[in-house]
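Derivation of every value follows stated rules applied to the coordinates shown; laboratory data play no part. Here the structure is a predicted model, which is why all the values come from computation and not from measurement.
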Amino acid sequence: MGKAKGRWTEELIEVLWAYKCTSQTTTQETPYNLTYGTEAMITVVVVEPTIRRQMFDLNLNEESLEVNLDLVSEFRDKSRIREAACKI
């Protein structure tokens, strides 16, 4: 951040995104995943489509997101247990 000087606000967004998408040692999960119940997928310019994008099915994706939202409270509970175990 020292080199950025007046551009710190632009750099801060990238730092916060990196933090939200990095697994934490206590919970073994990303803050983004604990909040939204799914992993973040960054957008990039793609020249060659990946197998993930070729096999993408919008209906199946929506169903998967609904299932993830249904299970997010259990997912958070497991993370809380892991976090408490690390503090012992």
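What 222 nm value per residue comes from the helices of the chain, counting each DSSP H run with n ≥ 4 as -39,500 (n - 2.57) and dividing by all residues, nearest 500 deg cm²/dmol? Write down the numbers at each step before the final one.
On the way: 4 runs with 53 residues, N = 88.
About -19000 deg cm²/dmol.
Relative contact order of region 5-87: what whole-number percent is it, with Cα pairs under 8 angstrom and at least 6 residues apart?
Details: 48 pairs, mean separation 26.4, N = 83.
So the answer I get is 32 percent.
Tell me whether the chain comes out rounded, prolate or oblate; compute the Cα gyration tensor, take square roots of the eigenvalues as a ≥ b ≥ c, and use a/c under 1.5 as the rounded threshold.
It is oblate, given that a/c is not under 1.5 and a/b is not larger than b/c.
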